[in-house]
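First comes the structure, then the notes that go with it.
No value in this document is a laboratory result; all are computed from the given coordinates. Computed from a predicted model, the values in this text were never measured in an experiment. Note that we place each Cβ from the backbone using ideal geometry, even for glycine, and neighbour counts take in every protein chain shown.
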Amino acid sequence: MGHWSRAVWVLGLVALALFPVVVTSPAYVAIGVFTLIYMACASSWNMFSGYTGYIALGSAVSYGVGAYTMALVSIHANMAPGAAMFWLVPLGGLVASLVALPIGAIALRVRRHTFVVITIAIFFVFQLTAINAGFTGSTSGLILPFISWNESYYNVPFYYVALGLVIFATILSALVRRSRFGLQMLAIRDDEDRALGLGVRTTSVKLTGFALAQFTIGMAGALYAMFVGQIFPQFVFDPLFDVSIALMAFLGGLGTLAGPLLGALILESFQQWLTLTFSNSSLYLILFGALFLLVILFMPQGIVVFIRDRVTRRAAREKAAVAAAETTLAGSRA
Amino acid sequence: MPILSVSGVSRAFGGVQALQDCSLEVAEGSIAGLIGPNGSGKTTLFNVVTGYVRADQGTVRFREKEITGLKPNQVFALGIGRTFQLTRIFERLSVLENMLVATQRREGWLRGLTRSKSSPEEVSTALELLDFVGIAGLAELQAGALSYGQRKLLELAYVLVADPQVILLDEPAGGVNLTLINRIAEKIRALNAQGKTFLIVEHNMEFVMSLCDRVTVMHQGSDLVSGAPEEVRRDPRVLDAYLGGGDDELEEVAGG
Amino acid sequence: MSGSALTYAIIDGVLTGSVYALMATGLTLIFGVMDIINIAQGIFVVLGAYLSYEIQLHWGIDPFVGLLITIPTLFVVGIVVERAFMSRLKGPEKTAMSILVTYAVSLLIEGSLNMIFSVNDVQINAWYVNRSFKLFGVYFAYIYVFGFILAVVLLTALWALLYRTRFGASVRASLADQTAAALIGINVRRVATICFGIGTAVTAAGGMVFGATNAFNASSSYDLISRLLTIIVLGGMGSLGGALVASIGMVMLEDVVGVVWSPVWSTMTFFIVLVIVLSLRPQGLFGKQLARTA
């Protein structure tokens, strides 16, 4: 990691940590909480889909499972409303990962293109179950124990827990990227059959990566449920969630560490701001669609790669020149 | 005792009988050649041996142990490495990372998760092998930027990482220049001198005849003739097989 | 289960299923030729429905006659989308990118439709929409029968195009193997553009029937696309016959489950069947199984 990129990371973290101190308006801190939740999810999604190239569009299953874990446990265990409920956040992640194991075992049997569609199908199975089953409260949803924190202060603990999730997801992604396991996922992305032929146990690598990625998403869902206090099946199992986090990762830069974070930061805060300002979701759809198409056309690799390429263009050119020289050398040696 | 033996293997794809009662033996420490017209089943045989394609019938043995039906990763772990006709490398990884993908110790998946990408010894082994094939200077380059010939060398190098006893090469001399062909032949000889066994599919007759101890000719999914290079060259059935190929071109286009 | 319910399920499966087959054929054709998963197919259907609705409302043109306008219109929309966006997708992530790009196109159209038509449901109306006739003791709604005939006519026309023309031969060659098709001199790019146009154009007809049999708004596209996707996956991606069988099977299954159990679970059953089928046969019912090293 170069000095510059390290400085950008530190600055970003400081800015995020200071945000609720500087901007005290509860409405904006709430936007911050939602944005951080999406950043954690996009980063985690990228850790599986970006690394392996298996685009999953059913992440809302994990989000919903996490949310329902929080809601059902806090309600049925008669928990005292308050900070103790934060302990259910990791539980939500754990349950989401466990649920992901059989899902992954089925979905990862199929080829890459079919995988996308089967994750959508499994998502609908969960959504329809949640809407129709009794224990989920059906369409009227579930109300969680009411947390009576002061209104001006209410959002702040959630903000920092969400920031914790973002940091967790980022560090996990970085560790995985450096591990042999991460290298195997990247090899699968480039040529799965070849990786298998070189001894990589592709099935278990994919399944592990998939279940691991669902952990943070499940935690984010649990935190969301606690934050909003009431959940509905159609909002926690939301197809827009699936596509949003994928779009965020693509927008920022698929497979990169910073890309999904940046993509989520831009898109989610933009959406929240639009909703707050215009209360017109149609306009948002149009702007969202147009923005994404522009990105695809002008920087198909995502914002981070686009910027990195500009910044390091000269260095890359030098490197290419060296490589070319060495190639010639290698050729002449032969 | 043959190190690798294929007996009576058949395999059909839809209506096409790609392999028909095919048998083959490769002696330990030898360089065996596999030739035949396009579509005669050479690559399919490779795929069956390395676990990419299941055999409908017949058995594959490695050191007397039956390996029929094992998965590609298991076959690799036993010590049989292979390259592909069209080179298959991990284009978005660096050359060194390509090597490290193949650096597999037998470890649980949890260890893979907690371990760093490579130990210093693994990196130095990888660099040694890259140096052996002559592309160590390109270790940090993204593999997608390699030329076709360099890809062939990289593929050979990362197959060697796991120190396999048998190496299957699918057209190592295909589409590369004469200098490189000679270099590849030289590397094969050097490795063979260290005791590695080779099975090579190749169209370049000169390459096969000069390198191989024994050559098997395949025709319509079966082994037609086996013998020393000169014997095979003189066998009239071999010429017939090549001339009577018929719709070869079509299959070549389809990648057969 | 009573016999009449089964009869109903079979009839509905064939009638409604054929309309789904028409829409799914467009989707699977696009995938087979271009490796593109067109998420916008759902919103194209809705767009087709709105066009038919508007043409009838303002110009008094019967929706079936209006197809003479809406089919060419959507063909052009398809061509424009393909040229503007799809043709730019390249490289190993092409299919994944296509999902997101077509989804973005879909959002753009959805937002525009919401602004123009509001989110209130509308339905296409004509004399045959709410009337039925009795044949062999079974009631047939005119619109379903007409929709069925339309789907059969268009599917036959598509079949004739694919199997009886030179262009069709190029398409089939591209479906079988794009690289090989390019090698024998087929202009795969042009074939792809036209296929995308055709794949989009069929949604005009599907959308008209959908809009006459359902109250719809722009967000109906989500339900449509999830069904169409599962149909083509179940049938085997790129398989035209598979799309037909899976469409009819889907509607029949939903009807049967709706009668014997509860309509609440009928849609879900279909998704569950999909999951089960795929875990046994990952390539779908009629998909080609690719050799691993192909």
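Per-residue mean of other chain beta-carbon atoms within 10 angstrom of the beta-carbon, peptide A:20-32? It would help to have the intermediate numbers written out before the result.
Details: counts 0, 0, 0, 0, 0, 0, 0, 0, 0, 0, 0, 0, 0.
Average per residue, whole number: 0.
Near C:VAL251, once Lys and Arg are set to +1 and Asp and Glu to -1 for all other residues with Cβ below 13 Å from its Cβ, the sum equals -2. Partners of B:LYS71 within straight-line reach, counting aspartates and glutamates whose Cα lies under 12 Å from its Cα and excluding those fewer than 8 residues away in the same chain: A:ASP193.
Working ranking of peptides A:24-33, B:185-194, B:85-94 by packing, defined as the average number of other Cβ atoms within 10 Å per residue, highest first, is B:85-94, A:24-33, B:185-194. Tilt of helix A:180-197 relative to the longest C-alpha principal axis of chain A, in degrees (0 to 90, nearest 10)? That works out to roughly 60 degrees. Here the Karplus curve 6.51 cos²θ - 1.76 cosθ + 1.60, taken at θ = phi - 60°, turns the phi angles of the stretch A:108-119 into couplings of 7, 6, 8, 5, 3, 5, 6, 4, 3, 6, 5, 5 Hz, with x standing for Gly and Pro.
Once a ≥ b ≥ c are taken as the square roots of the eigenvalues of the Cα gyration tensor of the stretch C:3-127, is the result rounded (a/c under 1.5), prolate (a/b larger than b/c) or oblate (a/b not larger than b/c)?
oblate
A simple rule links phi to the HN-Hα coupling: the Karplus curve 6.51 cos²θ - 1.76 cosθ + 1.60 with θ = phi - 60°, which for the stretch A:263-278 gives x, 5, 4, 5, 5, 6, 5, 4, 5, 4, 5, 4, 4, 5, 7, 9 Hz, with x for Gly and Pro. Classified by the C-alpha gyration tensor, the stretch A:128-197 has an oblate form. Its axis ratio a/c, with a ≥ b ≥ c, is 1.5 or above, and a/b does not exceed b/c. Amide hydrogen proximity for C:GLY238: with H placed 1.01 Å from N in the peptide plane, the residues at 5 or more positions away or on another chain lying under 5 Å are C:GLY32.
May I ask for the Rg/Rh ratio of the stretch C:3-280, computed from Cα atoms with Rh as the Kirkwood radius, given to two decimals? Spell out each step's value before the answer.
Values: Rg = 18.5 Å, Rh = 19.1 Å.
Taking Rh as the inverse mean 1/r over Cα pairs, Rg/Rh reads 0.97.
Our summary gives the stretch C:3-280 a relative contact order of 40 percent, counting only alpha carbon pairs under 8 angstrom and 6 or more residues apart. Can you tell me what share of the DSSP beta bridges in the protein assembly as shown is antiparallel? A percent to the nearest 5 is fine. The answer is about 65 percent antiparallel. The residue list B:PRO2, B:PRO120, B:TYR242 was ranked by how far each Cα lies along the charge dipole of chain B toward its positive end, using unit charges on Cβ atoms, and B:PRO120 comes out on top. Of all aspartates and glutamates in the structure, those lying under 15 Å Cα to Cα from B:LYS152, and not within fewer than 8 positions of it along the same chain, are B:GLU91, B:ASP131, B:ASP170, B:GLU171, B:GLU186, B:GLU202. Check the straight Cα-Cα distances from C:LYS94 and name the aspartates and glutamates below 12 Å, setting aside those fewer than 8 residues away within the same chain. Straight-line reach from C:LYS94, under 12 Å: C:ASP35. Once the Cα atoms are used to define both axes, helix A:26-45 deviates from the longest principal axis of chain A by about 50 degrees. Working note: Cα atoms of the stretch A:24-281, range along each principal axis, descending, whole Å: 59, 38, 35. Distance from the alpha carbon centroid of the stretch C:68-139 to that of the stretch A:173-218 works out to 37 angstrom.
In terms of its C-alpha gyration tensor, the protein assembly as shown comes out oblate, because a/c is 1.5 or above while a/b does not outweigh b/c.
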